[in-house]
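S.K.: The structure that follows is given in the form of structure tokens.
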Amino acid sequence: MSKKMINILAIIMAVAVVAMISVQLITINKTAKLVEKDNNLVVTRALKDVVDICVYWEVTHFYELDAQYFIPDPKPSKGLGLFPNSDSSESFNKLGRSGRLAISYDQSTVNTSNGVITFGKNQTIIIPSMQSSYDRLSEKQSQDLRYQSYMLERSEMKVEDRIMGDVRHELDLQLKEAGILLPFKYCIKSSINGKTEIVMGDTDYRPTKGTREYKTALFYDQSSPKPNFIYVYFPDQHSEQIKAMTNFVLPSLILTLIIIGIFVFTLQIILRQKKLSQIKNDFINNMTHELKTPISTISLASQMLKDNSLVHSPSTIDHISGVIFDESKRLSSQVEKVLQMAVFNEGKLKLKFTDIDLNQIVSQAASNFEIRVTNSGGTLETSIQAYDPIINGDEVHITNVIFNLLDNAEKYSKEIPKIEILTENKSGWVIVQIRDYGIGISKENLTQIFERFYRIPTGNVHNVKGFGLGLSYVKRVVEEHHGKIKVESTVGKGTKFRIYFPVIK
């Protein structure tokens, strides 16, 4: 997959995630508004129910007083003269307060020509008394007048005197029936001399800024009501709303984070696979160079043997033959490392630990590498100062570590390489220090040089082929020997690696 395609996929996924988060935020905002609107309706309905209860208290009180203190006038006993054929009022007196009259017929004829209906024989009908209907109507109108007078009189009273029950208790009942269990504060305000004041309710009724207050008019059904209102607010409303929204938002947030995490993880895998693919290609290209390095050293030593202008003393021949042997051994080791590449990538690095002399390994590696440096016109200075150089380690891998660091020092030096290698003891460690005076490493790259397959971008110098496993291999080998590696570098002044191996006690 090309880098352009990866960037396009990353942009599309990022836009999709942002869009999803935006939709969730819009949904959450609308849900919060709907919840708030529903709560407002519920609280307003509860307040109106409390107002209706206050009115009910007054109405009930009126009827109790009216039944207790009002005595209706007695009815007259004389004839009322409601029917023309009535000769006596006795029959009407028999009506009493029943309000109806029983009439019996014994005729059986029916005459409907003039609209007169004659009922069957011995049939009885009930006729309401006109007087009783009039009495009931008059009594109802009289009671209405008394009620209006009663309510007019109460409308002139102070609101705190008109309340006949426990408003807080009723408000608490109505809110709980509506499903609102939050603690609340309430008060009743009245207009006194043009100024609205609290006349009853909670003494600590002090809503903070931004707190929602709910209010409803009291005794709103009067002919000339005073501006009285009942107020209520919930001190913990915001925290409860946040808690309620958290229960809704938290799962959505967790799912969103999971999706983002999967997106980032997938993108990292894609980039890592692309990087590994690039490293694989680089390794194939670099492998030829790595195998040619010892071959070129052997070839150079062979030319020195064939050069008749040089003095072929026994010591010179012994040195050159030793270089050829060592480089041949190194070439064989390089081939083995290529074959073990897959094993290393799987994290199964196999080491053969023996007691080895680190001074001897460093001296031998420096002696073999000196030919390359000298051939380039440079210098390799060796200082063997470790007085206790014996460590427990794998000779092949430690030799590769030394060669790898020397190889990097030579490749990333300036035109004329200058390399220093040192061994010393310090606080129970055997230290190998390799220093060059080359191009150096920037601070931003210094923290990444030990990452697997990481290569420092150094312009044209980057085209120099490196060891296939890089500095991550060096660090891995050192850590497997229970050691540590440190690096110091300054751009344009060079780099210094220090490797610490524990001394055998």
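S.K.: If I model a spin label as a point 7 Å beyond the Cα along the Cα-Cβ vector, how far apart are those points for F248 and K195 in nm?
M.R.: About 4.3 nm, to one decimal.
S.K.: If I take R0 = 51 Å and measure r between the Cβ atoms of L182 and T354 in this structure, what FRET efficiency does the formula 1/(1 + (r/R0)^6) give, to the nearest 0.05? Write down the numbers at each step before the final one.
M.R.: Numbers: r = 77 Å, r/R0 = 1.51.
Once rounded, the FRET efficiency stands at 0.10.
S.K.: Calculated FRET efficiency, V18 and S239, Cβ-Cβ r, R0 22 Å, to nearest 0.05?
M.R.: Numbers: r = 30 Å, r/R0 = 1.37.
Calculated transfer efficiency: 0.15.
S.K.: Another one. Could you list E395, E36 in order of exposure, starting from the residue whose Cβ has the fewest other Cβ atoms within 10 Å? Walk me through the numbers on the way to the answer.
M.R.: Values: E395 17, E36 13.
Going from least to most buried by this count: E36, E395.
S.K.: A 30 angstrom limit on the alpha carbon distance is what I want to check against. Which of K3/K292; K329/K493; K426/K475; K274/K418; K329/K418; K4/K350 exceed it? Write out the running numbers ahead of the final one.
M.R.: Values: K3/K292 32 Å; K329/K493 34 Å; K426/K475 20 Å; K274/K418 36 Å; K329/K418 26 Å; K4/K350 40 Å.
As for pairs spanning more than 30 Å Cα to Cα, those are K3/K292; K329/K493; K274/K418; K4/K350.
S.K.: How far apart, in nm, are the 7 Å Cα→Cβ label points at I8 and E451?
M.R.: Distance between label points: 2.6 nm.
S.K.: Let me ask something else about it. What is the gain in length, in nm to one decimal, between Q68 and K426 on full extension, counting 0.36 nm per residue of separation less the C-alpha to C-alpha distance? The partial results should precede the final answer.
M.R.: Working: separation 358, 0.36 × 358 = 128.88 nm, distance 11.22 nm.
Gain in length upon complete extension: 117.7 nm.
S.K.: OK, next. Using a Förster radius of 25 Å, what is the FRET efficiency between R212 and K48 based on their Cβ-Cβ separation? Nearest 0.05, please. Mind showing how you got there, number by number?
M.R.: On the way: r = 17 Å, r/R0 = 0.68.
The value I calculate is 0.90.
S.K.: Tell me, in nm to one decimal, what length is gained between Y56 and D202 on full extension, where the rule is 0.36 nm per residue of separation less the Cα-Cα distance?
M.R.: Working: separation 146, 0.36 × 146 = 52.56 nm, distance 2.30 nm.
Difference between extended and current length: 50.3 nm.
S.K.: Another question, then. If each residue's Cβ is checked for other Cβ atoms within 10 Å, how do F229, F248, F369 rank with the fewest at the top? Walk me through the intermediate numbers first.
M.R.: Details: F229 18, F248 14, F369 24.
Ascending Cβ contact count within 10 Å gives the list F248, F229, F369.
Read-outs: derived from the displayed coordinates by stated rules, not from any lab. Please read all numbers here as calculations on a predicted model, not as lab measurements. Glycine gets a Cβ as well: all are built from the backbone with ideal geometry, and neighbour counts include every protein chain shown.
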